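Each value in this text was obtained by applying a stated rule to the coordinates, not by laboratory testing. A quick note: this is a predicted structure, and the numbers were derived from the prediction, not measured. Every residue, glycine as well, gets a Cβ built from its backbone with ideal geometry; the counts of neighbours run over all protein chains shown.
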Amino acid sequence: MAGIYLHIPYCRSKCHYCDFYSTSNMSSIEKLVVSEKNELVLRKQYIGNEIVETIYFGGGTPSVLAAIQVKDILEVIYANFNVVPDCEITLEANPEDLAEPYLSELRLAGINRLSIGIQSFNNEMLSYLGRGHDNSTLVNKIKAVRNAGIENVSIDLIYGIPGLSLENYLTSLNEAMQLGIQHISAYSLIIEKNTFFYKLYKTNRLKEAPDDVVVAQFNATIDTLAQYGFSHYEVSSFALEGFMSRHNSSYWEGKKYLGVGPSAHSFDSISRQWNVSSIKNYILNMENGKDYFEIEILSEADRYNEYLLVGLRTAKGISANYIAEQFNEKINNYFARELQKLNSKDFISVKDDRVTLTRKGIFVSDMIIRSLFFN
Ligand code: SF4
């Protein structure tokens, strides 16, 4: 089983917290779609005979694509790959783009899951984050999505925003529940370099939310969503039964995926590949038959690090037996030593063969995973 990811690096405007590469100049969209369709055909051998079970349009903002462009790309995929009949086909969307007839056209094109960048239901926070929508727009857009027959809906929420109270955050979570959302990706706000927020931060016009507030909001996410029957299946991901993201789960299970478009990554357990990030160079290189990606063959240490990176973020965790079987003695000794330290600090739970993060550990997952990396 394998997945296909299509990168659409355009955004109508830049959110104050976002450091992803994207452009608001849409003049190259048509050419990009042609290049991505060509790349799909050129790289069909990468997937080989494996069955494609998930397709994901990510960005940027893929909902800047016209429905006919989404349909054209999906037709190329169906013509060149073995796609499973109940393939999960997700499109990341900005709420502003979700209107009729676009929604119905997307559904007819094959989109059966939307991942919507909501971030908050609180008007003050939405304006602070630089989002172009308000609460009433969001509620109406989610109703329109349902009316169009797209039942599988994920939203992103951000906690730890300066000035966001626990009470206001809980109101956002509860509002999402009242709207029947089945999947939530909840992220703590990080002040990244090259963002508007970073400029404010460096000039003392923005103070990060205190750690205890951020931890309280993270704990409230876990507890509130558990009350509504959500499982916390990955550090930032919560889902009702049957609604876990199959695409993201395939990354965490180390399955093969083909990434198409500027800066898209591909992985086949032996190597990692990444495309050039500039839209202009990607299109030019595709048009002129030039190289458009770099490739790295994974060493044994890389494969071990990759296994930790993707596995430890999930509720299933990693298998100590797998590490013992797959990796050399040096790596195993290092793993056992570091694991013991983390276990004694209550960051990690070890039950039989499975190693998982404790709730305390989930909050500092990046630090834990880095400390287990073998260099
Ligand atoms: S958060 Fe999403 S919509 Fe906002 S700039 Fe980043 S990629 Fe674009």
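What's the exposure ranking of 146, 131, going from fewest to most Cβ atoms within 10 Å? Don't jump to the answer; show the numbers that get you there.
On the way: 146 13, 131 24.
Fewest to most other Cβ atoms nearby, the residues stand as 146, 131.
I need the P(r) histogram for segment 63-109: all alpha carbon pairs, bin width 5 Å from 0 out to the longest distance, whole percents.
5, 19, 31, 23, 14, 7, 2
Report the net charge of residues surrounding residue 134, where surrounding means a beta-carbon distance below 12 angstrom and charges are Lys +1, Arg +1, Asp -1, Glu -1.
Values: positive: 131, 141; negative: 96, 124.
Taking every other residue near residue 134 into account, the sum is 0.
Can you list the GluC sites (Glu not before Pro) in segment 163-239 that are in a DSSP coil and have 11 or fewer other beta carbons within 10 angstrom?
Numbers: sites: 167, 175, 192, 208, 234; in loops: 192, 208.
Passing sites in segment 163-239 do not exist.
Could you grab the Rg to Rh ratio for segment 144-222? Cα atoms only, Kirkwood for Rh.
Working: Rg = 15.1 Å, Rh = 14.2 Å.
Radius of gyration over Kirkwood radius for segment 144-222 works out to 1.07.
Can you give the convex hull volume of the alpha carbon atoms of segment 44-201 per residue, in Å³? Let's see the in-between values first.
Working: hull volume 20.3 nm³, N = 158.
So the per-residue Cα hull volume is 128 Å³.
Report, in listed order, any pair from 71/256; 255/351; 330/360; 193/316; 143/256; 37/255 with a Cα-Cα distance greater than 30 Å. Don't skip to the answer; put the middle values down first.
On the way: 71/256 24 Å; 255/351 25 Å; 330/360 28 Å; 193/316 33 Å; 143/256 35 Å; 37/255 23 Å.
Over 30 Å apart, Cα to Cα: 193/316; 143/256.
Can you give the net charge of the other residues whose Cβ lies under 14 Å from the Cβ of residue 213, counting K and R as +1 and D and E as -1? Working shown, then result.
On the way: positive: 207; negative: 167, 208, 211, 212.
My count for the surroundings of residue 213 gives -3.
Based on DSSP, what percent of beta bridges with both residues in the chain are antiparallel, to the nearest 5?
Taking every DSSP beta bridge within the chain, about 40 percent pair in antiparallel fashion.
Rounding to the nearest 20 debye, state how big the charge dipole of the chain is about its Cα centre with +1 on each Lys and Arg Cβ and -1 on each Asp and Glu Cβ.
Values: 36 positive and 44 negative charges, 120 e Å.
Taking the Cα centre of the chain as origin, the dipole is about 580 debye.
What's the exposure ranking of 18, 87, going from fewest to most Cβ atoms within 10 Å?
Numbers: 18 18, 87 21.
Least to most surrounded, the residues fall as 18, 87.
Compute a Gaussian network model of the chain, connecting alpha carbons closer than 10 Å, and tell me which residue from 269, 27, 136 fluctuates the most.
Most flexible of the set in this elastic network: 27.
P(r) for segment 313-375: what percent of alpha-carbon pairs falls in each 10 Å bin, starting at zero?
Histogram of Cα-Cα distances, whole percents per bin: 22, 60, 18, 0.
Taking just the alpha-carbon atoms of the chain, what radius of gyration and Dmax come out, in angstrom?
Computed over the Cα atoms of the chain, radius of gyration and Dmax are 21.0, 59 Å.
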